[in-house]
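The values are calculated or read from the model by the stated rules, or taken from the named source; none is laboratory data. Since the structure is predicted, the reported quantities are computational estimates derived from the model, not experimental observations. Reconstructed Cβ throughout: ideal geometry from the backbone, glycine too, with neighbour counts over all protein chains shown. All accessible areas refer to the heavy atoms of the entire protein, side chains included, with ligands and DNA or RNA removed. Shrake-Rupley method; radii C 1.70, N 1.55, O 1.52, S 1.80 Å.
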Amino acid sequence: MIFNWTILHKLNNIIIFVEMKERVLITGGSGLIGSKLTKKLLNSDFEVVHLTRAKNSKHDIKTYEWDWGKNYLDERCLENTKHIIHLAGAGIAEKPWTTRRKEIIVKSRVLTTRLLHKAIEENNHDITSFVTASGIGFYGAITNEIVHTENYPPYKDFIGNCCEQWERSADLFEKNAKVLKLRLGIVLDENEGALPKISSMIKKGLGSPIGRGNQYMPWVHVDDVVSVFFNAINQKIPAGTYNVVSSQHVNNKELTHAIAKALNKKIRLPNVPSFVLKFIYGELADILLEGVKVSNEKIMSAGFQFKYDNLEEALNEIYN
Ligand SMILES: NC(=O)c1ccc[n+]([C@@H]2O[C@H](COP(=O)([O-])OP(=O)(O)OC[C@H]3O[C@@H](n4cnc5c(N)ncnc54)[C@H](OP(=O)(O)O)[C@@H]3O)[C@@H](O)[C@H]2O)c1
């Protein structure tokens with residue numbers, strides 16, 4: 001349990017203390033990771049508030065609004081906040097990467113971070129930790145056999161550049177708080193994210209690997225992602241940048257077949273040719289058709305243990 005003991009009242013030399021739960025502010029708390037993390041934190045006696053673009057949250061918790069396009073943030077969200085978890089960002093694989101969409105993808109991550117930092121500085125808010133999501137896209141949309149550690153430089157393509165800017169904006173918090181930057185792999189969840197998109201095709205008998213099928217797809221079970229964020233603010237992981245992926249390197253062909261097996265389905269169709277995806281998605285197809293191996297050694301050395309480190313077990317937990 002996380003409590004701050006705060007003096008409420010001093011009356012006739014009798015001091016009354018009240019229990020104050022530690023407050024965590026989550027941006028993008030309505031999304032896949034944010035929803036599950038919110039539940040975990042509430043169950044562990046933290047207070048959680050969300051910073052959102054929508055007035056009415058689907059969660060039964062306090063929400064505050066912001067709008068990075070208007071440089072607006074409701075600063076009341078920072079009152080008594082001890083930890084900030086930054087998950088907000090326009091969906092990377094949601095829409096084709098037009099010039100405007102690319103701008104939204106980057107600004108919804110970078111300008112939001114700066115907006116938060118400005119509010120913290122201007123109001124002299126005292127926070128303990130700032131934890132931001134980033135992605136393994138940092139290493140670029142390429143395919144090779146190199147196992148990428150956190151020491152690799154960002155790849156010079158749109159997605160690598162986006163992650164680099166996202167992480168640099170988080171560095172602004174280094175003089176205010178403990179900063180963690182978590183480069184997430186593909187988060188596996190039954191109902192949201194990439195997995196239901198792949199599995200719905202397989203369930204209809206239309207699933208198949210894409211492109212050459214040899215692109216690596218670093219993956220992580222959603223429960224492990226939630227645990228990493230939880231441990232990050234619970235002081236169990238030191239400040240720094242961490243890859244958050246399971247140990248098992250699987251490529252697109254292996255992942256597609258593993259999902260089919262977990263669903264008791266067969267893959268009968270040939271691979272979807274790369275040119276079809278490029279025709280449909282344009283540049284966005286790059287992150288579907290390419291992918292590298294990513295190391296999780298650093299976070300494991302920091303003491304984190306993945307509950308799901310084996311793909312078959314992770315998928316069985318999700319589907320059974
Ligand atoms: N899921 C994955 O496989 C994965 C992998 C690598 C990295 N990540 C990163 O981790 C973070 C959280 O992932 P997630 O899967 O939970 O994401 P998600 O389900 O897409 O949720 C992200 C949240 O960001 C907010 N948002 C969406 N568009 C926005 C915009 N244009 N401007 C500002 N805020 C916007 C939304 O919250 P409101 O509607 O409440 O504002 C949304 O619920 C994201 O930044 C994502 O890129 C995810």
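For the set 204/307; 102/266; 95/298; 181/261; 204/253; 21/118, the pairs lying more than 28 angstrom apart at their alpha carbons are 204/307; 102/266; 95/298; 181/261. Dividing the helix sum by the residues of the chain, where each DSSP H run of 4 or more adds -39500 (n - 2.57), gives a mean residue ellipticity at 222 nm of -10500 deg cm²/dmol. In the context of the full set of protein chains, region 3-319 has a per residue accessible area of 49 Å² (1.4 Å probe). Taking amide H as placed 1.01 Å from N in the peptide plane, residue 241 has its amide H under 5 Å from the amide H of 181, each at least 5 places away in sequence or on another chain. Sketch the reach of a paramagnetic label on residue 149 as a point 7 Å from Cα along Cα-to-Cβ, and name the residues of region 287-306 whose backbone nitrogen lies under 17 Å away. Of the residues in region 287-306, 293-304 have backbone N under 17 Å from the label point off residue 149.
In this simple spin-label approximation, residue 280 and residue 300 carry label points 7 Å from Cα along the Cα→Cβ vector, and these lie 3.5 nm apart. Multiplying the residue separation of residue 90 and residue 104 by 0.36 nm and removing their Cα-Cα distance gives an extension gain of 4.4 nm. Could you please state, rounded to a whole Å, how far the C-alpha centre of region 74-129 is from the C-alpha centre of region 269-293? Result: 30 Å between the Cα centres. Summing Cβ point charges (Lys, Arg +1; Asp, Glu -1) relative to the Cα centre of region 3-319 gives a dipole of roughly 780 debye. Near the amide H of residue 51, within less than 5 Å, lie the amide hydrogens of 26, 27, 28, 29, 64, all on another chain or at least 5 residues away, with H placed in the peptide plane.
Accessible surface of region 3-319, 1.4 Å probe: 50 percent of it comes from carbon and sulfur atoms.
Within the chain, the selection of entire DSSP H helices by a Cα span of 24 Å or greater along the long axis and an average Kyte-Doolittle value of at least -1.0 returns 99-122.
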